[in-house]
Each structure stands twice: as structure tokens, then as C-alpha cells.
Amino acid sequence: MRKDQIAIGIDIGGTNSKMGIFNLDGKLLNYQSMPTAKNANPADFIEYLAQESEKMLSSELNIKLGDQRIVGVGAGAPMANYYTGSVEHAPNLGWKNVPLKNLFEHYFKVPAVIENDANLAAVGEKKWGAGKDLTDFVLITLGTGVGSGLICDGKLYRGHNALGAEGGHIIIPHEQKRLCSCGGMNHLESYLSAKGIKETIHDLTKEDWTIEKLGQLFGDGDLRATSIINQIADELASGLVSIGVLFGPQAFIIGGGVSKLGNPFNHVVKKKMDELIHFSLKGKINVLTATLSSDKGAVYGGAAHIFDEVHRR
């Protein structure tokens, strides 16, 4: 193993795509974010990412794609399938049957691994973040969508078809029906995605607040903000209870943009979760905030994953 090895981590999100270059210790050497070209030709977009990565490599390390120091690229995307190397259907991107692994290896000239973006965030937290000392946890990403990555006995759980542990599509009981981006009704993502939370804020206040404003007002004791926090915590806890009784994790780790609400939000969620969960698990599952980054978790995870994948071979 060369000590000067580096890896590229990429997160293709529903709104923005992020790319980072990392060394073996998980240090972020260079980073870039750009709008995701939704509904565009996926091959053209991956080629664009390769061109941008080469600029980053050149400016930071004076190397090009294909250099032996680059172990590979780890990429996350909605509904990415590790086993097939493809994205079968990603509604938030407008992609169907995209051979993503092949495209990355063609344009980046290095080995590639692809995963569901939340899976990558979980791998990153396990290797370098809040899950480093845990053997069993669930990473919940609350961003453009709601994703989940499950670490069982220290290893990533994918399920038979690499589409297991999709916690964002758990159906939760709710008086107000909402349509999920996937076409389903009353999925956790309908309420806890950034769009869903903003819809809840508008329903309760008739105003448009950012997540940051919600957190600030909640910290100040604002009654409307407290009511909103209690509602979205109820909704999240409803989903976590179902996941919790199935897998019995040590912790739920909250990532994504909503994780900026921090520990005050976590405390409310844990309290509500403990009120609902089976008595055998009350008080036994922590709710933590992802430590790598609120918005770069899958980028770190992509690099962590490809380091692990290549070094196992």
C-alpha cells in the first residue's frame, strides 16, 4: 500500500453534485460542488465530472486521471446498485437504466464503485466519523430526499438486490397525506426531505423559513418553531421506531442538511422515539449527528469505500 495513495469521492445528489479528493487518512485535499444536470444525458454529465476532477487533481497534486496514485472513484447516487453497477430508476434525477460504474471507469480511467448515496455516507461515518467505534448503526440522511445506510456487525448491509434498508420509503401513519417523489404515499421522505419540511413550515406558519432559521428560532424558544420541531420529530420518530425494532442498532446517526438542527433536535427525536418504541429498546438507541459533514458525508464515504474495496482485492 503506497502512503501517497488518494481516492476520489463523489455524491450525485438530486440538487447538487459534490466531489472531493482524499488521502489515506481521510483528509479532504480538494473539494468542489456543482448543480446536478438532471434529465441530461448521464454520460455527458459523468464526462463533465471527470473533466472537473482532472482540474482539481492538477491544481492540488499536479497529476492527471489515470495516475497510479489514484486508487479509484467511489460514487453515490440515488438508487445506485452496487451489484449491477447501474442506476435502474432515480426519479429525482430523471435517470433510468444508467450503467454508472462503466461510465465512471471509462471517463475517470480508474476502478470505480457505486452505491446508494446514503450507504456511502454510512461507510464514511464508520471509517472516519461518528460511527467509528460502533458496530451497528443506521445513518439517516435528511436532504433533497431521505436515505438510510445500515451498518450491521461492522459491515454495510445492502440486501439481496442492493436496495435494502431504504428507510426513506417506510410508510408512516399521518393525517395529512403526501405524495413521495417515487410515486408512493405517506413515505417518510414525503415529510422529512427538505421539501417536505419546508411544506410543513409553510402549512403551520404561512411563511417560508430556511432550516437554519427554524433551528435558530427553536433555540430562542419560539413557540411556532417549537411546534414545527415537535411535528417533524414525531414524523421522524415514527420511521425510526420501525427501523429500530427490526435491527436494534446502537444509534441512529443523522446526516444531510437537516442535521444542522443539531443536538437540540436529536434530543426531541430520541424522547419521542423512546415514547413509541418497544419497551425492550427504550433508552438503548442513541440519536447522534454525523460528524464528517452535514453535506459531504457521501463524498467522504465514496473515498472510504473505494479505499476499502481496492485494498481488499
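Only residues that are surrounded by fewer than 24 Cβ atoms within 10 Å (Cβ to Cβ) and part of a helix (DSSP H, G or I) were counted in the stretch 274-300, giving 6.
Among the listed residues 114, 70, identify the single one that is of a type in the set (Val, Ile, Thr) and within 21 Å of residue 129 (Cα to Cα). Answer to the check: 114. Criterion first (within 10 Å of the chain's Cα centre (by Cα) and closer than 30 Å to residue 266 by Cβ) does residue 122 satisfy it? Judged against the criteria, residue 122 is a match. If you take the residues in the stretch 231-269 that are under 19 Å from residue 292 (Cα atoms) and not in a helix (DSSP H, G or I), which one is modelled with the lowest pLDDT? Only one residue fits best here, namely 256. What do you reckon, is residue 194 within 16 Å of residue 259 (Cβ to Cβ), modelled with pLDDT of 95 or more and assigned by TED's automatic domain parsing to the domain that holds residue 267? Criteria not met by residue 194. Annotation note: of 96, 127, the sole residue that is in contact (Cβ under 8 Å) with a residue 40 or more places away in the chain, farther than 22 Å from residue 242 by Cα and among the charged types (D, E, K, R) is 127.
The values are calculated or read from the model by the stated rules, or taken from the named source; none is laboratory data. Worth saying up front: this structure is predicted, and the values here are computed from it rather than measured. As a convention, Cβ positions derive from the backbone with ideal geometry for all residues, glycine included, and neighbour counts pool all protein chains shown.
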